[in-house]
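Notes to accompany the following structure.
The values are calculated or read from the model by the stated rules, or taken from the named source; none is laboratory data. The structure presented is a predicted model; accordingly, all values stated were derived computationally and were not measured. Heads up, the Cβs are rebuilt from the backbone with ideal geometry, glycines too, and the neighbour counts pull from every protein chain shown. Side chains included, ligands, DNA and RNA excluded: accessible areas come from the protein's heavy atoms. Shrake-Rupley method; radii C 1.70, N 1.55, O 1.52, S 1.80 Å.
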Amino acid sequence: MRSASSANFSVRMARAPSRAAAGSGAARGAARVAGAAAGGGAARVRPMERQELIDRVERADNRADGLERDIERLRTDVADRQSAALKQPGGRQGDLVALLSGATEVRGPGIKLVVDDAKGASDGGGGGPRESAGFSDTGRVRDRDMQKIVNGLWQSGAEAVSINGQRLTALSAIRAAGDAILVDNRPLVPPYEVLAVGDKKRLGTAFQDSADGQYLHVLQESYGIRYTLSAADEVRLPAAPSVTVRTATAAEQQKGAS
């Protein structure tokens with residue numbers, strides 16, 4: 001008898017762990033289901049948040065595009081008004097002032113000067129007199145090189161000058177920011193195309209014979225900087241993006257005029 005009850009007891013003890021294991025398995029299964037449901041909700045939320053961010057970026061881009069159009073329209077209106085104001089009182093004198101100040105587009109005979117970095121200039125280091133902190137590659141065209149070139153063209157008789165489509169005026173600044181050359185705070189990318197309006201025969205010769213023209217030749221011979229100079233029957237230079245009138249005097253009214 002003891003053996004039978006002992007057998008029954010052992011059977012009951014064997015069954016108890018199986019029920020506990022089943023309960024534990026059910027709990028784990030419920031937890032997995034709950035986790036999957038929560039994960040599904042998070043998965044649904046993330047695409048919604050992403051789409052909302054995309055919509056906000058697109059709206060901001062559209063506003064920025066609209067502001068750019070407004071700026072361009074206002075800039076054109078200001079340029080037209082300045083051109084009209086310059087032409088009214090002085091006739092031909094107004095045209096000359098507009099030309100020299102860069103307020104109007106200009107075209108005519110001139111020269112085209114293309115200056116470029118030496119081949120493989122970005123691969124090597126520098127040294128010698130052209131080396132300086134932050135810009136040691138001697139085969140790269142630098143801001144002071146462009147300054148000398150432009151000043152040489154002005155001194156050789158150029159009436160108007162542009163670099164890569166940027167019209168230069170008496171107030172234009174050519175400087176460097178890191179490895180980039182800036183003209184009026186706008187970065188330029190090589191090759192640098194310099195257009196100059198003037199006597200196409202005399203202007204090119206005068207520039208090459210000038211000290212700044214000889215400087216450019218030394219850059220070519222010593223550092224491999226490349227350039228080509230050619231005469232052109234017509235070059236077209238745009239108006240400067242913005243011309244600020246700093247001083248203005250009212251024209252005197254002629255006697256007898258009402």
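Filter the stretch 160-194 down to residues that are assigned to a loop (DSSP other than H, G, I, E, B) and either open to solvent by 20 Å² or more (accessible area, probe 1.4 Å) or under 20 Å from ARG140 (Cβ atoms) (or both), then give me how many there are.
Restricting attention to the stretch 160-194, the residues satisfying the condition of being assigned to a loop (DSSP other than H, G, I, E, B) are 164-165, 168-173, 178-179, 184-185, 189-191.
Then drop every residue that is not either open to solvent by 20 Å² or more (accessible area, probe 1.4 Å) or under 20 Å from ARG140 (Cβ atoms) (or both), which leaves 164-165, 169-173, 178-179, 184-185, 189-191.
So the count comes out to 14.
Inside the stretch 200-219, can you point out the residues that are of a type in the set (A, V, I, L, M) and free of Cβ contacts under 8 Å to residues at least 60 places away in the same chain?
Of all residues in the stretch 200-219, those of a type in the set (A, V, I, L, M) come to 203, 206, 211, 216, 218-219.
Once the filter is applied, which keeps residues that are of a type in the set (A, V, I, L, M) and free of Cβ contacts under 8 Å to residues at least 60 places away in the same chain, the stretch 200-219 yields ALA206, ALA211, VAL218.
Looking only at the stretch 211-231, count how many residues are in a helix (DSSP H, G or I) and either of a type outside the set (A, V, I, L, M, F, W, C) or loosely packed, with under 15 Cβ neighbours inside 10 Å (or both). So that I can check it myself, show each step before the final result.
Filtering the stretch 211-231 down to residues in a helix (DSSP H, G or I) leaves 211-223.
Imposing the further condition that a residue be either of a type outside the set (A, V, I, L, M, F, W, C) or loosely packed, with under 15 Cβ neighbours inside 10 Å (or both) reduces the set to 211-215, 217-218, 220-223.
Result for the stretch 211-231: 11.
So VAL197 passes all but one of these: (1) hydrophobic (A, V, I, L, M, F, W, C); (2) free of Cβ contacts under 8 Å to residues at least 24 places away in the same chain; (3) buried (at least 18 other Cβ atoms within 10 Å of the Cβ). Which condition number does it fail?
(2)
Of the conditions (1) under 17 Å from VAL114 (Cα atoms); (2) over 30 Å from the mean Cα position of the chain (by Cα); (3) open to solvent by less than 50 Å² (accessible area, probe 1.4 Å), GLY157 fails just one. Which one is it?
(1)
Among the residues in the stretch 132-139, are any at pLDDT 90 or above, surrounded by fewer than 18 Cβ atoms within 10 Å (Cβ to Cβ) and assigned to a loop (DSSP other than H, G, I, E, B)? Even if it seems obvious, please write down each step before you answer.
First, the residues of the stretch 132-139 that are at pLDDT 90 or above: none.
The answer is no, given that none of the residues of the stretch 132-139 is at pLDDT 90 or above, surrounded by fewer than 18 Cβ atoms within 10 Å (Cβ to Cβ) and assigned to a loop (DSSP other than H, G, I, E, B).
Starting from the stretch 60-78, take each residue that is under 22 Å from PRO238 (Cβ atoms) and list its partners that are open to solvent by less than 70 Å² (accessible area, probe 1.4 Å), counting only C-beta distances under 8 angstrom and pairs at least six apart or across chains.
ARG75/PRO241
Given the criterion under 12 Å from GLU159 (Cβ atoms), modelled with pLDDT of 65 or more and of a type in the set (D, E, K, R), identify the matching residue among ARG107, ARG73.
Details: ARG73 fails: under 12 Å from GLU159 (Cβ atoms).
Step by step, each of ARG107, ARG73 is checked, and only ARG107 is under 12 Å from GLU159 (Cβ atoms), modelled with pLDDT of 65 or more and of a type in the set (D, E, K, R).
Looking only at the stretch 201-210, filter to residues that are more than 22 Å from ALA239 (Cβ to Cβ) and under 32 Å from the mean Cα position of the chain (by Cα); which one of those is surrounded by the most Cβ atoms within 10 Å (Cβ to Cβ)? If you could, list the steps in order and put the result at the bottom.
In the first step, residues of the stretch 201-210 are kept if they are more than 22 Å from ALA239 (Cβ to Cβ); the result is 201-202, 204-210.
Now restrict to residues that are under 32 Å from the mean Cα position of the chain (by Cα): 204, 207-208.
Numbers: GLY204: 23, PHE207: 25, GLN208: 15.
Selected residue: PHE207.
How about the stretch 183-194: which of its residues are in contact (Cβ under 8 Å) with a residue 12 or more places away in the chain and closer than 24 Å to LYS119 by Cβ?
Residues of the stretch 183-194 that are in contact (Cβ under 8 Å) with a residue 12 or more places away in the chain, as a first pass: 183-186, 188-194.
Selection gives LEU188, VAL189, PRO190, PRO191, TYR192, GLU193, VAL194.
Can you name every residue in the stretch 167-185 that is modelled with pLDDT of 90 or more and not hydrophobic (A, V, I, L, M, F, W, C)?
Those that are modelled with pLDDT of 90 or more and not hydrophobic (A, V, I, L, M, F, W, C): ARG167, ARG175.
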